[in-house]
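The values are calculated or read from the model by the stated rules, or taken from the named source; none is laboratory data. Quick caveat, the model's predicted, so the values are computed rather than measured. Glycine gets a Cβ as well: all are built from the backbone with ideal geometry, and neighbour counts include every protein chain shown. Each accessible area value is taken on the protein alone, full model and side chains, heavy atoms only, with ligands, DNA and RNA left out. Shrake-Rupley method; radii C 1.70, N 1.55, O 1.52, S 1.80 Å.
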Amino acid sequence: MTLQEIAQSINIECDNTKEISGLSTLLDSTQTEVTFLENKKYLNDLKKTKAAAVLINEEFANEVPEDTIALICDEPYLNLAKLSKLFAPEVIEIEGEKPVIGGFTKVMPNVYIGKGSSIGSDCTIMSGAYIGDNVKIGNNTVIHPNVVVYRDCNIGSDCIIHAGTVIGSDGFGFANTKDGKYIKIYQNGNVEIGDDVEIGANCAIDRAVFKSTEIANGVRIDNLVHIGHNCKLGMGCILTGQVGLSGSTILNHYVIMGGQSATAGHLEIAPFTTIAARGGVTKSITEAKKSWAGFPLIEHRRWLKLQSKIAKLLK
Amino acid sequence: MTLQEIAQSINIECDNTKEISGLSTLLDSTQTEVTFLENKKYLNDLKKTKAAAVLINEEFANEVPEDTIALICDEPYLNLAKLSKLFAPEVIEIEGEKPVIGGFTKVMPNVYIGKGSSIGSDCTIMSGAYIGDNVKIGNNTVIHPNVVVYRDCNIGSDCIIHAGTVIGSDGFGFANTKDGKYIKIYQNGNVEIGDDVEIGANCAIDRAVFKSTEIANGVRIDNLVHIGHNCKLGMGCILTGQVGLSGSTILNHYVIMGGQSATAGHLEIAPFTTIAARGGVTKSITEAKKSWAGFPLIEHRRWLKLQSKIAKLLK
Amino acid sequence: MTLQEIAQSINIECDNTKEISGLSTLLDSTQTEVTFLENKKYLNDLKKTKAAAVLINEEFANEVPEDTIALICDEPYLNLAKLSKLFAPEVIEIEGEKPVIGGFTKVMPNVYIGKGSSIGSDCTIMSGAYIGDNVKIGNNTVIHPNVVVYRDCNIGSDCIIHAGTVIGSDGFGFANTKDGKYIKIYQNGNVEIGDDVEIGANCAIDRAVFKSTEIANGVRIDNLVHIGHNCKLGMGCILTGQVGLSGSTILNHYVIMGGQSATAGHLEIAPFTTIAARGGVTKSITEAKKSWAGFPLIEHRRWLKLQSKIAKLLK
């Protein structure tokens, strides 16, 4: 699709016929991608963007770098949502290459494996599993019954994914129109899972809006955990039961999150941090190797002290 | 079934042979339905009931309206539970009309579609999905893999239901016997979902005990959300990850609930209310357009202030 | 497998050729099982063990009972993890007896039932359900669509398991190596569910590491509930939506847990206890018939009082 065609679809005039490959953020966009500026706190990122074009309010048009075309509009984020549909792949591919299945891999009955997918050797894909189109799975991985892996997602070797878990469902993203409609931002990214990862039953791990939701090697995830789009989990992170990570949470390596703890998203947690059960993280944690608890979150030892102070209110 | 037969099944004498169509609440019952009074706080509703008959303690029998028959018993709610089984449909229909599938709708392998169901045009029903008996789905709706829609539930047009989500499971209802057994109240209602609704992965939305659990047009629901029986979600409501709504919660239009927030059930929340993450709603909210937080719930700005006061206890 | 072979696999010398049947705890081990001591707080249990052998630090070797062989090593728990793989059954059995299905039981299309399993009479097994190898299900039980029952788990009579629920997934267990790898402790136990149990949609109930996760007769479980390995739920317990039980939680009979409440694991709750919504249980509750709330947990009436004291901080 050319930039001209894309612009026309949202009623913006533009005669540049450069071929566009997709959408991305200001910082991640390549020279064939279109980006957007909705919030002026990202003006610094705008200066560094390499994007082919940017959806932007007239007010900031003069800040757009020389090699990037300004697509001027009133509601950049809403227009991004509209454009996202143009780049959304089909829900299912009817045509394409048959999946490739490695040696000694067992595929049980009632499994669906999509076009262009490949599964390594020594894997077990159990009944009712759905492996979408263009999925890659490494060697010696077990996919338990009724697991769903959406299209374009990748899983490494030596992984175990327990029953009912969903990998690659759409992130929760939409733009509002002035008359109260929600316009879906198609989630055109994927999920990338490393090697030696175990994920419990009935979890939900969303695909990225752009690029990838990432789960590094050695991660352990318990049951009923929710991971929003574009999260990044470093090596060896541990998420216990019913943890919830809002979108774009970054956990550095060996972060441990206790049961029912959660993050507010768009934040980063330093390596070897421990969040106690029910802890609610709303800001980035920059110092490594500390333990935190409570909501609002404070250091764990201070939380214990605070609780004893609170208990004294009853006296 | 006649009223006489129904009464006999729970050892109440009644010679009225009126045909009875089902069970319902005092206020919702029609002239062919049977209702019950367990708690005297509903005596006002009793006066307004149009029900054919009411299960009721002898103590309140003289309050029953003229056109309603009193079925006098010691444990009205327990007897209601026993009667609910009489009106429960089969779990699966073996006979009945083949489903009707609209034009350009793709049905993938390993899908089950029940008797008497109909799916509109341009839909995609993905592998492993279960569409029960007598389900209606509109046009251009995507049902992702391994979604389960129980019998008699309806989904509108332009909806997206993500993988693993369950729609129409039984609400959590039972009556206690004196010797500590729980008697199931069969959930003979359904779920009604409007148009342009997106529901995330691995959610659970219970069917109503009577009538319908309702989700209006434009609602957006994230992953791992629990919605109890007889909830009603108005237009444009947003439920983020791991929200839990207890039974009979009414959300008016454009209510937003943050991650892991919850309601206690049998309450109503005014339009354009925002509940912050982890907020726990235990009473109705009558004033529109306000933001709330905490558990117990208070106004969000007061919650922020309270937290800073609590933090001072540490000094 | 002989004790000698087992010991060799983790580079411990031992020339005893006794046949070993499995692994277990100090107190539960039989004379053909191997156990471990990682934490000296269990030294009293060591004295009572009947195990064939115990993985143990040299420091405590002289405390090992006469009939038990000491397998001396630096990291007993890590070695237990390594041994657990030796006793893990196959994920799926390719050979074995065909399942036995009782009279009047309906098995819908796209159901998988494993080798050596048996299902009683008058059951309904709905589409997409996965019943693993060597599973026993009683009479008159309904398994809704896309339920997964892992191998070796048992379900009684008159049960209802709602759609998407997973029974018998692996408990969350692993040992750490010094260089930051997690070694899986294979969960070689199972789940035992009694009669007249109803479990909601999209729950996850983990199998035991040794022996059984147990759910007694008459239990009622709502949607999206997480039950860790080796939990024991007594008769008539009620778990409402989104409850989370960490591993080895013991609920005595008729314990009620409100929505989103949770336990920290390795604790016991007295009969007829009520935990209010969001209550977080971190210690055993020994006195029966009381109500508790909050996190940290206190008596419910004190919690109400505490909240009113806290509210006064705002004045």
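Points worth noting:
- Counting residues in segment A:237-246 that are within 9 Å of chain C (Cβ to nearest Cβ) and not in a loop (DSSP other than H, G, I, E, B) gives one or more.
- From the options A:Gly114, A:Gly120, A:Gly103, residue that is away from chain B (no Cβ under 14 Å) and either among the polar types (S, T, N, Q) or crowded, with 19+ Cβ neighbours inside 10 Å (or both): A:Gly120
- Where A:Thr35 falls short, out of the listed (1) open to solvent by 20 Å² or more (accessible area, probe 1.4 Å); (2) among the polar types (S, T, N, Q); (3) touching a Leu at 6+ places or on another chain (Cβ under 7 Å): (1)
- Of all the listed residues (C:Ala88, C:Ala70, C:Ala61, C:Ala81), the sole one being among the aliphatic types (A, V, I, L, M) and out of contact with any strand residue (DSSP E or B) (no Cβ under 8 Å at 6 or more places or on another chain) is C:Ala88.
- None of A:Asn139, A:Asn154, A:Asn146, A:Asn188 is over 21 Å from A:Val219 (Cα atoms) and open to solvent by 20 Å² or more (accessible area, probe 1.4 Å) except A:Asn188.
- Scanning segment A:185-208 turns up no residue that is at pLDDT below 95 and under 30 Å from B:Gly236 (Cβ atoms).
- Selection from segment B:264-278 of residues that are open to solvent by 40 Å² or more (accessible area, probe 1.4 Å) and either in contact with a Pro (Cβ under 8 Å, 6 or more places away or on another chain) or assigned to a loop (DSSP other than H, G, I, E, B) (or both): B:Ala264, B:His266, B:Phe272, B:Ala277
- C:Asp133 surrounded by fewer than 24 Cβ atoms within 10 Å (Cβ to Cβ), more than 10 Å from every other protein chain (Cβ to nearest Cβ), within 17 Å of the chain's Cα centre (by Cα) and within 19 Å of A:Ala163 (Cβ to Cβ): no
- Total residues in segment C:200-227, condition more than 16 Å from C:Ile137 (Cα to Cα) and among the acidic types (Asp, Glu): 2
- Leading residue by the ranking (farthest from B:Lys305 (Cα to Cα)) among those in segment C:270-292 that are touching an Asp or Glu at 6+ places or on another chain (Cβ under 8 Å) and not polar (S, T, N, Q): C:Ala270
- Residue-level analysis places C:Ser261 outside the set of residues that are more than 14 Å from chain B (Cβ to nearest Cβ) and within 19 Å of the chain's Cα centre (by Cα).
- Residue check, B:Ile167 under 30 Å from C:Gly236 (Cβ atoms), at pLDDT 95 or above, in a strand (DSSP E or B) and open to solvent by 10 Å² or more (accessible area, probe 1.4 Å): no
- Among residues that are without any contact (Cβ under 8 Å) to a residue 24 or more places away in the chain and farther than 16 Å from A:Val147 by Cα, A:Lys211 is not included.
- Odd one out for A:Asn223 among (1) free of Cβ contacts under 8 Å to residues at least 60 places away in the same chain; (2) within 12 Å of another protein chain (Cβ to nearest Cβ); (3) within 21 Å of A:Ala276 (Cβ to Cβ): (1)
- Of all the criteria given as (1) in the same structural domain as B:Val197 (by TED's automatic domain parsing); (2) without any contact (Cβ under 8 Å) to a residue 12 or more places away in the chain; (3) among the aliphatic types (A, V, I, L, M), the one not satisfied by B:Val281 is (2).
- Answer residue from segment C:292-315, given it is assigned to a loop (DSSP other than H, G, I, E, B) and within 8 Å of another protein chain (Cβ to nearest Cβ) and is surrounded by the most Cβ atoms within 10 Å (Cβ to Cβ) among those: C:Phe295
- The single condition from (1) open to solvent by 40 Å² or more (accessible area, probe 1.4 Å); (2) within 14 Å of chain C (Cβ to nearest Cβ) that B:Ala81 fails is (1).
- Output for segment C:195-206, where each listed residue is of a type outside the set (A, V, I, L, M, F, W, C), touching a residue at least 40 places away in the same chain (Cβ under 8 Å) and on the phi < 0 side of the Ramachandran plot: C:Asp195, C:Gly200, C:Asp206
- Looking across segment C:146-163, the residues that are in contact (Cβ under 8 Å) with a residue 24 or more places away in the chain, farther than 15 Å from C:Gly116 by Cβ and not in a strand (DSSP E or B) come down to C:Gly156, C:Ser157, C:Asp158, C:Cys159, C:His162, C:Ala163.
- Residues that are in contact with a Phe, Trp or Tyr (Cβ under 8 Å, 6 or more places away or on another chain) and open to solvent by 20 Å² or more (accessible area, probe 1.4 Å) were ranked within segment C:226-236; the one that is nearest to the other protein chains (Cβ to nearest Cβ) is C:Met235.
- Residues in segment C:279-291 that are open to solvent by 30 Å² or more (accessible area, probe 1.4 Å) and within 14 Å of chain A (Cβ to nearest Cβ): C:Thr282, C:Lys283.
- Qualifying residue in segment C:209-219 (condition: at the interface with chain A (Cβ under 10 Å from one of its Cβ atoms) and buried (at least 20 other Cβ atoms within 10 Å of the Cβ)): no
- Among residues that are within 21 Å of A:Gly173 (Cβ to Cβ), under 24 Å from the mean Cα position of the chain (by Cα) and assigned by TED's automatic domain parsing to the domain that holds A:Ile185, A:Gly114 is not included.
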